[in-house]
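K.L.:
Below is the structure I would like to discuss, written out as structure tokens.
The values are calculated or read from the model by the stated rules, or taken from the named source; none is laboratory data. On a predicted model such as this, the values are computed, not experimentally measured, just so you know. For neighbour counting, all protein chains shown are included, and Cβ atoms are generated from backbone atoms with ideal geometry for every residue, glycine included. When the accessible area is computed, the model is the full protein with side chains, heavy atoms only, and any ligands, DNA or RNA have been set aside. Shrake-Rupley method; radii C 1.70, N 1.55, O 1.52, S 1.80 Å.
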Amino acid sequence: FGQGYMRADSLQYSALQICSACDAEMASGNGATVFTGISTDSRDIKDGDLFVPLKGDNFNGFDYVIPALQAGAGGSLIDSGFSQELSNDISDRVLIRVQDTLRSLTDLASTHRKLFPIPLVAVTGSSGKTTVREMIASILSRKYRTLATKGNLNNLIGLPMTILTISPECEAAVVEAGINRIGEMDMLARAAAPNVGVISTIGPVHLEGLKNIATVASEKFRLVMAASDTGVIPFGVPELEALRERFSGKLFTFGIDRGDFRASNISMGDRIRFLMESPWGSREITILHPGKHNIANALAASAACLSIGLSLDDVATALVETAPPAWRMEFVQFGADRILIRDYYNANPQSMRAALETLADINGNHSKIAILGDMKELGAESYSLHHDIGRLAASLKIDRLIFIGESGRAFADGFFYAKGASGVLSLFDDRDSAWEVIRSEIGAYDRILVKASRAMKMELLAGRILEEI
């Protein structure tokens, strides 16, 4: 539960209201007790909080119910398996018995959302969703006081806790929805109740839980289905085209070349400029995000915001001021004319392709090295998908390739299958074994890409590179 949003403050819900929202029953305490905050972390309890214990693979929050109450929590959710007795010093605290505390967190968020019928955009996708979310937040902020998902708090804990932070001061919101198992999107969509549902991309990600591309598409489309007004989807994705007729609201498509929102007159460089063509008219757009794929992200964000009343001026002004999220195609300049591209927040076949193509497309006579690592959670498709990326890397003719991790052989098989040049690619089992070669060679390259799934912790390697050079 590392992605859990731990606190939601400024609430005013009584124990009986909590029971009503969660279809629960009072196990002890006074139903009139009012909670002013919700916490999922017993180490971060404030007086008057409702503690929500959660279970993970290596964590059982129910072990911390008593410590949370002793720390000042006014009460706690419990399940049918909880049987601990309250000591005299906390005997007046509220215990509310529910069937499932995680589902009850969704119930609470859903109830809270209904009290604040503000415009809310929810974003999902196989890649690019955080960038699209940040772009939308920037555009919405031109007109509204906007709440946005913080960091990576997009899962079954983070999203409902974000919803629970909506206050009377909020005039609009944008939330991010990330899933890796079938059924999770239904809970996220119920908590968010979006006006606009956006899908940034569809690709082979989280296949250990989602099995195949068709399931990825159908699960993510559930967020669009939950939207009360508008859906925004990428143009020409076969798995989404088959689902379009299920949505009765307005549906906009986007694509660099085709769709309701599309781009022309593209100029690539340190800043990307293009003409956005849309049902609201055409407008010159400039974005600071490198890589052609970010044009599509800007189109998706524009479609979402124009559909709820923002103007083309709002879109253009906000996008040119929106910086890329940290660790996602983040260009770090050093020395006279050298760039380290940090893109290791996560990795999947789509984002890996985009990163390699961006490195290859950098203008000028620059020497280029890509230091890559495993793409995780690809299940049975892991070998073939790493093989595909190896083939792509060979076709791009990047000067030097280093691959770190257990999927290196699959990457190499693809690289040499596509007749990649001998001596360009080296494989290593881990960061430490790769470092000596990287340290001895890195001075020869002025465009450096570091890219892998978050579990590979490539930020540690990028840090060593910056220290060394």
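K.L.:
Give the span of the chain's Cα atoms along each principal axis, as three whole-Å numbers ordered largest to smallest.
P.N.:
The principal-axis extents, from largest down, are 73, 54, 42 Å.
K.L.:
Could you rank the peptides 390-396, 187-193, 421-427 by their average count of other C-beta atoms within 10 Å per residue, with the highest value first?
P.N.:
Numbers: 390-396: 20.6, 187-193: 23.4, 421-427: 14.3.
For the peptides 390-396, 187-193, 421-427, the packing ranking is 187-193, 390-396, 421-427.
K.L.:
What shape does the stretch 307-363 take by its C-alpha gyration tensor, where a ≥ b ≥ c are the square roots of the eigenvalues and a/c under 1.5 counts as rounded, a/b above b/c as prolate, and the rest as oblate?
P.N.:
Here the stretch 307-363 falls in the prolate category.
K.L.:
Would you mind checking which residues have amide H under 5 Å from GLU176's amide H? H placed 1.01 Å from N; only 5 or more apart, or other chain.
P.N.:
It is VAL123, THR149, by chain and number.
K.L.:
Going by alpha carbons, how many degrees (0 to 90, nearest 10) lie between the helix axis of 382-396 and the longest principal axis of the chain?
P.N.:
40
K.L.:
Specify whether the C-alpha gyration tensor of the stretch 174-305 places it in the rounded, prolate or oblate class, a ≥ b ≥ c being the square roots of the eigenvalues: rounded for a/c under 1.5, otherwise prolate if a/b is larger than b/c and oblate if not.
P.N.:
Verdict is prolate for the stretch 174-305.
K.L.:
Along the charge dipole of the chain, pointing to its positive end and built from +1/-1 on Cβ of Lys, Arg, Asp and Glu, which listed residue (LEU372, MET135, PRO160) has its Cα farthest out?
P.N.:
Projecting each Cα onto the dipole axis, the largest value belongs to MET135.
K.L.:
Quickly rank 377-389, 302-314 as a protection proxy: mean count of other C-beta atoms within 10 Å, highest first.
P.N.:
Per-residue mean Cβ counts within 10 Å order the peptides as 302-314, 377-389.
K.L.:
Would you mind checking LYS220/LYS451; LYS150/LYS457; LYS419/LYS457 for any pair whose Cα atoms are more than 28 angstrom apart? Don't skip to the answer; put the middle values down first.
P.N.:
Values: LYS220/LYS451 25 Å; LYS150/LYS457 21 Å; LYS419/LYS457 30 Å.
As for pairs spanning more than 28 Å Cα to Cα, those are LYS419/LYS457.
K.L.:
Once every DSSP H run of n ≥ 4 in the chain is given -39500 (n - 2.57) and the sum is divided by its residues, what mean residue ellipticity at 222 nm do you get, rounded to the nearest 500 deg cm²/dmol?
P.N.:
Roughly -10000 deg cm²/dmol at 222 nm, from the helical runs in the chain.
K.L.:
Using the Cα centre of the chain as the reference point, and only Cβ charges (+1 on K/R, -1 on D/E), how large is the resulting charge dipole? Debye, rounded to the nearest 20.
P.N.:
Here the size comes out at about 1040 debye.
K.L.:
Run the numbers on the chain and let me know its relative contact order in percent, using alpha-carbon pairs under 8 Å that are six or more apart.
P.N.:
11
K.L.:
Using Cα pairs under 8 angstrom and six or more residues apart, how large is the relative contact order of the stretch 213-287, in percent?
P.N.:
19
K.L.:
Counting heavy atoms of the protein chains only and a 1.4 Å probe, report the per residue accessible area for the stretch 342-384 as a whole number of Å².
P.N.:
Per-residue value: 39 Å².
K.L.:
Straight distance only, please: which aspartates and glutamates reach the Cα of LYS397 with their own Cα at less than 13 Å, same-chain residues fewer than 8 apart left out?
P.N.:
GLU357, ASP361
K.L.:
To the nearest 20 Debye, how big is the dipole of the stretch 80-123 about its Cα centre, given +1 on the beta carbon of each Lys and Arg and -1 on that of each Asp and Glu?
P.N.:
Numbers: 5 positive and 5 negative charges, 64 e Å.
Using Cβ point charges on Lys, Arg, Asp and Glu, the stretch 80-123 gives about 300 debye.
K.L.:
Given the options VAL52, VAL332, CYS170, identify the residue whose Cα lies farthest towards the positive end of the charge dipole of the chain (+1 on Cβ of Lys, Arg; -1 on Cβ of Asp, Glu).
P.N.:
Value computed over the given set: VAL332.
K.L.:
With +1 on the Cβ of every Lys and Arg and -1 on the Cβ of every Asp and Glu, and nothing else charged, how large is the dipole of the stretch 93-240 about its Cα centre, in debye rounded to the nearest 20?
P.N.:
Details: 16 positive and 12 negative charges, 62 e Å.
Using Cβ point charges on Lys, Arg, Asp and Glu, the stretch 93-240 gives about 300 debye.
K.L.:
Which shape class, rounded, prolate or oblate, goes with the stretch 113-154 when its Cα gyration tensor gives a ≥ b ≥ c as root eigenvalues, a/c under 1.5 marks rounded, and past that a/b bigger than b/c marks prolate?
P.N.:
Values: a/c = 2.11, a/b = 1.39, b/c = 1.52.
It comes out oblate by the Cα gyration axes.
K.L.:
Also, I was wondering about something else. Pick out, from SER433, ALA71, HIS387, the residue whose Cα sits farthest towards the positive end of the charge dipole of the chain, with +1 on the Cβ of Lys and Arg and -1 on the Cβ of Asp and Glu.
P.N.:
The one lying farthest along the dipole's positive direction is HIS387.
K.L.:
While we're on this one: Sorted by mean Cβ packing within 10 Å, highest first, what order do the peptides 163-169, 34-40, 173-179 take?
P.N.:
Working: 163-169: 17.6, 34-40: 20.7, 173-179: 28.3.
The most tightly packed comes first, giving 173-179, 34-40, 163-169.
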